[in-house]
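The values are calculated or read from the model by the stated rules, or taken from the named source; none is laboratory data. Since this is a predicted model, take the numbers as computed values, not measurements. When we count neighbours, we look across all protein chains shown, and the Cβ atoms used for this are built from the backbone with ideal geometry, even at glycine.
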Amino acid sequence: MKPGSKKKLLYDKNMIFRSKPDLDFLNKMGQNTMVEHLGIKFTAVGDDYLEATMPVTDKTKQPLGLLHGGANVVLAETLGSVAGMLVIDPTKQFCVGLEINANHLKSVREGVVTGIVKPVHIGKNTQVWEIKIHTSEKKLSCISRLTLAVLEKK
């Protein structure tokens with residue numbers, strides 16, 4: 001914003017989101033989707049992050065009994081995509097995924113994993129988000145990066 005501009009900020013300057021997201025709203029968005037099927041729940045919102053958990057169950061494990069890497073990616077993309085949506089004006093724009101990667105650092109057999117998403121870059125046309133997933137014992141299990149394209153609605 002230019003100095004002297006009279007445009008009112010829609011949110012606290014320390015918060016990256018357009019408004020403070022409501023956890024009930026975020027969790028309702030996932031109903032009847034893969035998010036609900038895998039048991040992903042949003043659990044915390046900060047000025048520059050979102051947090052969600054996912055249980056390590058038969059629904060999220062691969063045949064060797066370990067948390068499936070694809071389940072980690074679903075958690076990561078869910079967190080990044082929702083965060084991306086919360087920083088744009090949804091009446092004028094929408095986000096779509098361009099690329100996601102994940103490094104699986106520690107196997108998980110049980111418990112709950114927790115993902116936290118934070119911005120790396122929030123631009124006019126692209127966003128980059130980093131998602132760290134930790135075990136119940138707070139050990140880093142997976143780190144992921146998601147790139148989103150910000151598109152104008154027609």
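Here are the numbers for the structure shown:
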| item | result |
| --- | --- |
| Residues (within 22 Å of Val45 (Cβ to Cβ) and free of Cβ contacts under 8 Å to residues at least 24 places away in the same chain) located in the range 126-154 | Val128, Glu130, Lys132, His134, Lys138 |
| Identity of the residue in the range 77-101, of a type in the set (Ser, Thr, Tyr) and within 14 Å of the chain's Cα centre (by Cα), that ends up surrounded by the fewest Cβ atoms within 10 Å (Cβ to Cβ) | Ser81 |
| Unique residue being more than 14 Å from the chain's Cα centre (by Cα) and not in a loop (DSSP other than H, G, I, E, B) when the list is Phe42, Phe25 | Phe25 |
| Residue identified as without any contact (Cβ under 8 Å) to a residue 40 or more places away in the chain, small (Gly, Ala, Ser) and within 25 Å of Ile16 (Cα to Cα) among Gly97, Gly123 | Gly123 |
| In the range 12-28, residue modelled with the lowest pLDDT [restricted to those that are more than 15 Å from Gly80 (Cβ to Cβ) and surrounded by 15 or more Cβ atoms within 10 Å (Cβ to Cβ)] | Met15 |
| Selection count where residues are in contact (Cβ under 8 Å) with a residue 60 or more places away in the chain, crowded, with 23+ Cβ neighbours inside 10 Å and within 18 Å of the chain's Cα centre (by Cα), scope the range 67-76 | 2 |
| Residue match in the range 49-71 (condition: assigned to a helix (DSSP H, G or I) and in contact with a Lys or Arg (Cβ under 7 Å, 6 or more places away or on another chain)) | no |
| Residue list for the range 114-127, restricted to those being surrounded by fewer than 22 Cβ atoms within 10 Å (Cβ to Cβ), assigned to a strand (DSSP E or B) and either among the polar types (S, T, N, Q) or over 11 Å from the mean Cα position of the chain (by Cα) (or both) | Thr114, Val120, His121, Ile122, Thr126 |
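Here is a yes/no grid of residues against (1) within 15 Å of the chain's Cα centre (by Cα); (2) surrounded by 20 or more Cβ atoms within 10 Å (Cβ to Cβ):
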| site | (1), (2) |
| --- | --- |
| Gly30 | yes, no |
| Met54 | yes, yes |
| Thr57 | no, no |
| Gly65 | no, no |
